[in-house]
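Accompanying notes for the structure given below.
Any read-out appearing in this document is the output of simple, stated calculations on the displayed coordinates, not a laboratory observation. Treat the numbers as computed from the prediction; the structure is a model and nothing was measured. Don't worry about glycine lacking a Cβ; one is built from the backbone with ideal geometry, like all the others, and counts go over all protein chains shown.
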Amino acid sequence: MAKTHIQFTLNGQEVETLVEPRELLIHVIREQLGQTGSHIGCETSHCGVCTVDLNGESLKSCTVLAVQANGGNVMTVEGLAASGELHAVQEAFMQEHGLQCGFCTPGMLMRSYRFLQENPNPTEEEIRYGMSGNLCRCTGYQNIIKAIQVAAEKLQAK
Amino acid sequence: MSTDTQEREQELQGVGCSRKRKEDPRFIQGKGNYVDDVKLPNMLVGKAIRSPFAHAKIISINKDAALALPGVHAVLTAEDLKPLSLHWMPTLAGDVCAVLADEKVSFQYQEVAFVIADNRYIAADAADLVAVEYEELPVVVDPHHAMDDDAAIVRDDLVGKDNAGQGARKHNNHIFNWDVGDKDATDRAFESAEVTVKEKMINHRVHASPLETCGCVASFDKVKGDMTIYMTSQAPHIVRTVVTLLSGIPESKVRVISPDIGGGFGNKVGIYPGYVCAIVASIVLGRPVKWIEDRIENLSTTAFARDYHMEGELAADKEGNIKALRVNVLADHGAFNTHAQPTKWPAGLFSICTGSYDIPVAYANVDGVFTNKASGGVSYRCSFRVTEAVYVVERTIDVLAQKLNMDPAEIRMKNFIKPEQFPYQSALGWEYDSGDYHTALKKVMEAVDYEGLRKEQAEKKARGEIMGIGLCTFTEIVGAGPSKACDILGVGMFDSAEIRIHPTGSAIARMGTISQGQGHETTYAQIIASELGLSSDNIQIEEGDTDTAPYGLGTYGSRTTPVGGAATVKAARKIREKARKIAAHLLEVSENDLEWDVDQFRVVGSPDQAKTMKEIAWAAYNDVPDGMEMGLEAVDYYDPPNFTFPFGAYLAVVDIDRHTGETKVRRFYALDDCGTRINPMIIEGQIHGGLNEGYAVAMGQELPYDAEGNLSGNTFMDYFIPTMVETPKWELDYTVTPSPHHPMGAKGVAESPHVGSIPCFSNAINDAFMQFGATKHIDMPHNAFRVWKTIKEMGLNKG
């Protein structure tokens, strides 16, 4: 199948590659560009383990074509600590035991990162709704919610 | 304890502290290494072609068009695997399972062919080009009709065989009959009882569905003859043995690596056709082959759980003293008996079904049958069939309470095994190690103001509002297990630990278990830290690589702490004994003059004379007593003397909307007793997760089949995984009743919340309707539609 040239920013770096028009963004990020932090859990946009940030919005990268990211700005979990310091959501997930197997974690972190910019001071109910596109089988969510609350406080204090 | 001692203990970060997890830094930075992250040079991708029918003859398979597609390397069918004798494979339950369908398919989504291509896109294109012609056959879907005279035969390969690997069978679709207990005495107790109850109930077909699906990368080196397999396996060492038995490659040349695993919950214990196809393809093509199933394949094929159709009966006197328990089960195992259990236990440890109660006589009888559905019967976040066993006793005791007009808490208190009866011999043959059930339930009732809740419920009832209170006081049996009772393919169910102390006092330890999120790298180090007085931060834990770790049976059935944890303690104590000898030598005293003190051996009565473990480690490599080997390391293979029996008391409060059937879980209070607690933070995390999985099973998860055997709910659109919105808040509590036979008194915890919460939720729903006069048990899943139907049938939505 004929390939299309695309270029976009991935975690602050300009990347370019050839893709088939049908290729999904998650496959290109993981398999061509070698950033395996984002995962694949359902390929039907239900579980959210592939969540990345595209042009300032949370995005399930399993249901978007790579060509749609052309010219865009993509951030994955690998870009969260780009400054050399852990982001507040990363620290809080670790501190509050908000992860177990770690498989949903990159998606959870990327959604938390964006959610706390959309709503810097959320109530517990707002966290539950705002994060409901991301599934976790291990934690029962209680500590994830706590981690997001802790991260919100930390970010507010900055 | 002196301040100095306390400080030194705290520095170790040993048993009992909520140490932060060692695993987390890599997971929060996207640096985990899961199977699908493995990318080897020249790697190909495999994909299964699956049957659209539940039961059909294969007339022909035409692979020409697929093979003509550029980038396709091979299309395997049963015909291709036959010369290698790999078209069928043995199961853990003594049966065989088709790797690729041989002449017919026996369930929808069964593997028919396997394409190998350059990448996932070409593999998907090629899969569409493989043309399979089928001739449909009549199906068996309902297990209750599997043994009808005119039932279609699920397994042609077993026709004429009176044994499918687990004893005599009486019908072509019968797998086994297994019973336990004194039938005659139980029957007599029922005949003479003042009160009896009998209820039919289903533990419906569900799937553990970890967020990471199953998969592997198989890499055969044709020059060296070595096979390396990265696999999502909860039991890598057993996989290695099976690969050797199937392929003939010496076990020393097979390396199985379970890297980071994205949740298991029992789904990753078995060996599935996709793994075998990838392994064969790698041998045939001499290149690495990756196979990763998608979500539909995961939910449709790789090992469902439950599907137990049970009839529970209790006999009692008028005061509610239980006299006997009788349980009959029809078990639907699907098209092959791929039940993952210790070999001798066709119904797992179901005989724990007498629960937490002192029941004088009991009898349980289980028949397994084949149907045209996916095969399985794995333990979804529980020890083998323990969820089913706990459900039947915990539901039936509520039914008995209702008949006697007693409170469910009162009847439990009356029948609990008493603390002084431990070790307790159960009517079905187990020796319970320890327990204090009265204290646990009492603590829960006080914490939630049980009487107040019942009063509120009565007030609400008067207003037509539906509130339910569910109790569950469960006992689990975990830590399989003693090799005299438990083996997998002839290998005893021990587990192992190997600890090596380096000269400067840091250490590496390797175990036969494998974490799938339980935090082993954190907690094993805590055990060693406490035993050896070395900081857990300097103890590296490794698991999952069969080339480096000692042989072990893996992680499932809550066996890591009871078995692997015990091996770790024993190995550490061997090291400490050697360290004592070295310390005596260094201090020029007798061994008997030394006492252990947190992180050092000191001379009794002369505490200033001491050698720390760090100093001893250095000496172990340059100054040991005459005749002693240098070095400081030990290995232990631990064969447990018994199982462990964690227990708990759970309470749920639900409010049901009488117009929509929606259930709100207002409170869930979970008290667990897992004996000695290694890391409270991790224990609480495990319990949160288990409760949520129990909530999912009780309130919505189901693999639904239609009359033709079509699976009509196999994506996350249909299959219920609770999100944060519907997940309840969890309130946790604990008591500590150590196991007397475990070297540190620990029992295992991760599965209790799943096992205990399912009947608790179900009891709450049933309690809500019993107060309005419902007399029949209401089956799970208690989703809004089903609850609404009950409301409507009972006319509770009026007014």
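Ordered from longest to shortest, the equivalent ellipsoid semi-axes for segment A:4-77 are 17, 13, 11 Å, each the square root of 5 times a Cα gyration tensor eigenvalue.
Here the dipole of segment A:88-157 is about 220 debye; that uses its Cα centre as origin and unit charges on the Cβ of Lys and Arg (positive) and Asp and Glu (negative). The loop-placed trypsin sites (Lys or Arg not before Pro) in segment B:111-177, going by DSSP, that have at most 13 neighbouring Cβ atoms within 10 Å of their Cβ come out as B:Lys161, B:Lys170. For chain B, the direction-averaged projected area of the alpha-carbon convex hull comes to 36.9 nm². If only the Cβ of Lys and Arg carry +1 and only the Cβ of Asp and Glu carry -1, the dipole of the protein assembly as shown around its Cα centre is close to 560 debye. Taking GluC sites (Glu not before Pro) as exposed when DSSP calls them loop and at most 16 other C-beta atoms lie within 10 angstrom, chain B has its longest site-free stretch at B:320-464. The C-alpha atoms of segment B:443-510 occupy a region whose extents along the principal axes are 71, 40, 18 Å, arranged from largest to smallest. Charging the Cβ of each Asp and Glu at -1 and of each Lys and Arg at +1, and nothing else, the dipole of segment A:4-77 about its Cα centre rounds to 140 debye.
Taking 0.36 nm per residue of separation and subtracting the Cα-Cα distance, full extension of the segment from B:Lys664 to B:Lys442 would add 77.4 nm.
Computed over the alpha-carbon atoms, segment A:1-47 gives an Rg to Rh ratio of 0.99, Rh here being the Kirkwood radius from the mean inverse distance. Among the cysteines of chain B, B:Cys17, B:Cys97, B:Cys214, B:Cys216, B:Cys277, B:Cys353, B:Cys382, B:Cys486, B:Cys674 have no other cysteine beta carbon within less than 4.7 Å of their own.
From helices alone, chain A scores -8500 deg cm²/dmol at 222 nm; the rule is -39500 (n - 2.57) for each run of n ≥ 4 DSSP H residues, then divide by the residue total. Using a 7 Å offset from Cα along Cα-Cβ at A:Gln13, what residues in segment A:100-121 end up with backbone N under 20 Å from the label point? Within reach of a label on A:Gln13, which here means backbone N under 20 Å from a point 7 Å along Cα→Cβ, segment A:100-121 contributes A:106-107, A:110. For chain B, the relative contact order works out to 15 percent when only alpha carbon pairs closer than 8 Å and six or more residues apart are counted.
For every helix of n ≥ 4 consecutive DSSP H residues, a contribution of -39,500 (n - 2.57) applies; sum these over chain B, divide by its total residues, and give [θ] at 222 nm rounded to the nearest 500 deg cm²/dmol. It comes out at -8500 deg cm²/dmol, rounded to the nearest 500. Between B:Phe176, A:Cys47, B:Ser506, the Cα set farthest toward the positive side of the dipole of the protein assembly as shown (charges on each charged residue's Cβ, about the Cα centre) is that of A:Cys47. How big is the gap, in Å, between the Cα center of segment B:396-460 and the Cα center of segment B:308-377? Their Cα centres are 21 Å away from one another. With the simple model of a label 7 Å out from the Cα in the direction of the Cβ, B:Glu542 to B:Asp657 spans 5.5 nm. A straight chain from B:Asp162 to B:Val491 at 0.36 nm per residue would run longer than the Cα-Cα distance by 115.8 nm. Taking 0.36 nm per residue of separation and subtracting the Cα-Cα distance, full extension of the segment from B:Lys460 to B:Met406 would add 17.5 nm.
A dipole drawn for segment A:4-77 from +1 and -1 charges on Cβ atoms has a positive end, and of A:Leu59, A:Gln35, A:Ala69 the residue lying farthest that way is A:Leu59. With neighbours defined as other Cβ atoms within 10 Å of a residue's Cβ, the residues B:Arg306, B:Arg667 order from fewest to most as B:Arg667, B:Arg306.
For the protein assembly as shown, taking the reciprocal of the average inverse distance between every pair of different Cα atoms yields a Kirkwood hydrodynamic radius of 29.2 Å.
Legend: ranking of residues B:Val749, B:Val254 from fewest to most surrounding C-beta atoms inside 10 Å; resulting order B:Val254, B:Val749.
Of the residues B:Ala65, B:Ser379, B:Tyr391, the one whose Cα sits farthest towards the positive end of the charge dipole of chain B is B:Ala65 (charges of +1 on Lys and Arg Cβ, -1 on Asp and Glu Cβ, taken about the Cα centre). Each label was represented as a point 7 Å from its Cα along the Cα-to-Cβ direction; for B:Lys170 and A:Ala2 these points are 6.9 nm apart.
For the pair segment B:731-799 / segment B:621-649, the C-alpha centres are spaced 40 Å from each other.
Phi angles across segment A:81-86 convert, under the Karplus curve 6.51 cos²θ - 1.76 cosθ + 1.60 with θ = phi - 60°, into 3J(HN,Hα) values of 9, 4, 6, x, 10, 5 Hz, Gly and Pro given as x. When only alpha carbons are used to place a centre, segment A:1-28 and segment B:176-226 end up 47 Å from one another.
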